[in-house]
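K.L.:
Here you go, one structure.
All of the numbers you see were taken from the coordinates with simple rules; none came from a lab. Remember, it's a predicted structure, so these values are computed and weren't measured experimentally. Here the Cβ positions follow ideal geometry from the backbone for every residue, glycine too, while neighbour counts run over all protein chains shown.
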């Protein structure tokens, strides 16, 4: 999917919501466990209930990989079930030397047909570039994450006084364009999002950490929105585990709708949609 | 596998060779393509021909992931075929927030039964620790890699004058111990290995980049060996693709033997085995 289509979807749905499909067999409602593929059945119903309010789905690959080949089958079926108008993110945090990153790109962009993949920057240019060679596919590079460990290295200042995440943004933004690169920017600190926005004014940000991880949606929009929205805000647990009874999908739909409505207000406020 | 057993194997085989099972359907001999599972058949024959000379096998997970669920099946069968006395490395370069890294750990240490996994450090402590909670399992953390892109961030100096890889070594070496952590240290620069050895005198290093990537085995041993060897030196393409005819396994065995014999000399020289 290209940037123009993504922005069209955002305007049409008045939403920049991404639903994280972090589907855990230990957390899905008991009545689904008798299905042949409980993970897929859960995802299917979540997608049915939330697709009206969301512009992106993001399965975290670890949840599927932990289940072995069965998990990969559930993932593939889930991906095929997602309507083509919705942006898909393989939250895989891959990255390896050039010829190996090419294989990961092949796995997620060809064997599967994801629109984008999250990539870790530590190994530098040749670990990222192979993902950028696919038309209308995206790299979403880790810049500033929202977890505790983000403080260990991402904020380390260089001799020139730049924190590492800034070095990552400045260098990597030259490897691709705002048409094929986004950044993961944690939502737990509003002023940090403003700092990142200054460095890369045009790129989309994938923002985790709203809800369960404690970030504020209003702050994210205030500090992070640009003229083409430039934001995909993810919620996983807050939506997909809103209930663990038979009404789980309905409850997920309600939570997604609630976030979408907040987002519509913010889009009106900052973009006059 | 624990450190003591690993060192016993090194002494017994007079080898610190790791064979990289980067098995690519486009590169394996044509006569194998008629097999039900050509990747597994290739790996099986490579393992038969090289196991006498090697103490570790390292499948790079990208090669299997690129093939979809069939690839994961080939990987699982390969892992089961490797003799239990040989150390196994899932070269996966994973790493995510805490609860997600736990799932990756489960995937590689429980669903599969690898001894170790390579992990990327960018997300910090909570992305690494979940892997350290498994008895006799290892994290092999990226420190200084051997690819072109390693120069982008790993050598960036902090305000205190430390390159990022040093920060990674100093901090992360407190998260685990030399009994459950190793480091990836590229072999393309001998003097760099000496620098890393000074910072973490006890840890094992997984050294890629000997052979195809241009590093010298003698330099690696000279600058990197410690009193318990402390080295696993990987060769992938130079061994597994030594021939692409019907004699591929025999040719691989010869290459592995050649490296093992060089290693025996170096172990004699530095450890008087």
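K.L.:
Please report the base-10 log of the normalised intensity I(q)/I(0) for chain A, using a Debye sum with one equal scatterer per alpha carbon and no solvent, at each q in 0.07, 0.10, 0.11 (1/Å).
P.N.:
-0.23, -0.48, -0.58
K.L.:
Any idea what the residue A:155 label distances to the other copies are, label 7 Å down the Cα→Cβ vector, nm, shortest first?
P.N.:
Inter-copy label distances (nm, one decimal, shortest first): 2.9.
K.L.:
Once you have a ≥ b ≥ c as the square roots of the Cα gyration tensor eigenvalues for the protein assembly as shown, tell me rounded if a/c is under 1.5, and otherwise prolate or oblate according to whether a/b is larger than b/c.
P.N.:
Details: a/c = 2.06, a/b = 1.54, b/c = 1.34.
Cα axes put the protein assembly as shown in the prolate bin.
K.L.:
Taking only Cα atoms and a 10 Å spring cutoff, compute GNM fluctuations for chain B and point out the largest among B:97, B:28, B:82.
P.N.:
B:97
K.L.:
Determine the distance separating the Cα centre of segment B:4-59 from the Cα centre of segment A:205-267; give it in Å without decimals.
P.N.:
Distance between centres, Cα-based: 47 Å.
K.L.:
To continue, here is another question. So if each residue of separation counts as 0.36 nm, and I subtract the Cα-Cα distance between residue B:179 and residue B:227, what length gain in nm does that give? Don't jump to the answer; show the numbers that get you there.
P.N.:
Numbers: separation 48, 0.36 × 48 = 17.28 nm, distance 1.44 nm.
Between residue B:179 and residue B:227, full extension yields an extra 15.8 nm.
K.L.:
Compute the Cα gyration tensor for segment B:174-273, then decide on rounded, prolate or oblate, letting a ≥ b ≥ c be the square roots of its eigenvalues: rounded whenever a/c is under 1.5, prolate when a/b is larger than b/c in the other cases, and oblate in all that remain.
P.N.:
On the way: a/c = 2.10, a/b = 1.81, b/c = 1.16.
It is prolate, given that a/c is not under 1.5 and a/b is the larger ratio.
K.L.:
Taking the alpha-carbon centroid of each part, what is the distance from segment B:126-143 to segment A:143-183 in angstrom?
P.N.:
One Cα centre to the other: 24 Å.
K.L.:
Please report, in whole Å³, the volume per residue of the convex hull around the C-alpha atoms of segment B:46-181. Can you show the working numbers first?
P.N.:
Details: hull volume 18.0 nm³, N = 136.
Per residue, the Cα convex hull of segment B:46-181 comes to 133 Å³.
K.L.:
When you look at the Cβ of every residue in B:155-166, what mean number of other chain Cβ atoms sits within 10 Å?
P.N.:
Numbers: counts 1, 10, 3, 6, 7, 3, 1, 2, 0, 6, 1, 0.
Per-residue shielding by partner chains comes out at 3.
K.L.:
So, one more: Where both residues lie in chain A, what percent of DSSP beta bridges are antiparallel, nearest 5?
P.N.:
The antiparallel fraction comes to roughly 5 percent.
K.L.:
Of A:185, A:168, A:119, which has the largest mean-square fluctuation in a 10 Å C-alpha GNM of chain A?
P.N.:
The residue with the greatest mean-square fluctuation here is A:168.
K.L.:
Still on this structure, I have one more. Expressed as a rounded percentage, what relative contact order does segment A:3-271 have, with Cα pairs under 8 Å and six or more residues apart? Could the numbers behind the result be given before it?
P.N.:
Numbers: 479 pairs, mean separation 57.5, N = 269.
Dividing the mean separation by the residue count of segment A:3-271 yields 21 percent.
K.L.:
Using a basic spin-label model with each label point 7 Å from the Cα along Cα→Cβ, how many nm lie between residue B:70 and residue B:195?
P.N.:
4.5 nm
K.L.:
Between A:187, A:56, A:251, which gets the highest mean-square fluctuation from a Gaussian network model of chain A, Cα cutoff 10 Å?
P.N.:
Top of the fluctuation ranking is A:251.
K.L.:
Specify whether the C-alpha gyration tensor of segment B:104-260 places it in the rounded, prolate or oblate class, a ≥ b ≥ c being the square roots of the eigenvalues: rounded for a/c under 1.5, otherwise prolate if a/b is larger than b/c and oblate if not. Don't skip to the end; give the middle numbers.
P.N.:
Values: a/c = 1.88, a/b = 1.31, b/c = 1.44.
Oblate, because a/c is 1.5 or more while a/b does not exceed b/c.
K.L.:
In nm, what is the difference between 0.36 nm times the number of residues separating residue A:218 and residue A:77 and their Cα-Cα distance? Let's see the in-between values first.
P.N.:
Details: separation 141, 0.36 × 141 = 50.76 nm, distance 3.46 nm.
Length gained, residue A:218 through residue A:77: 47.3 nm.
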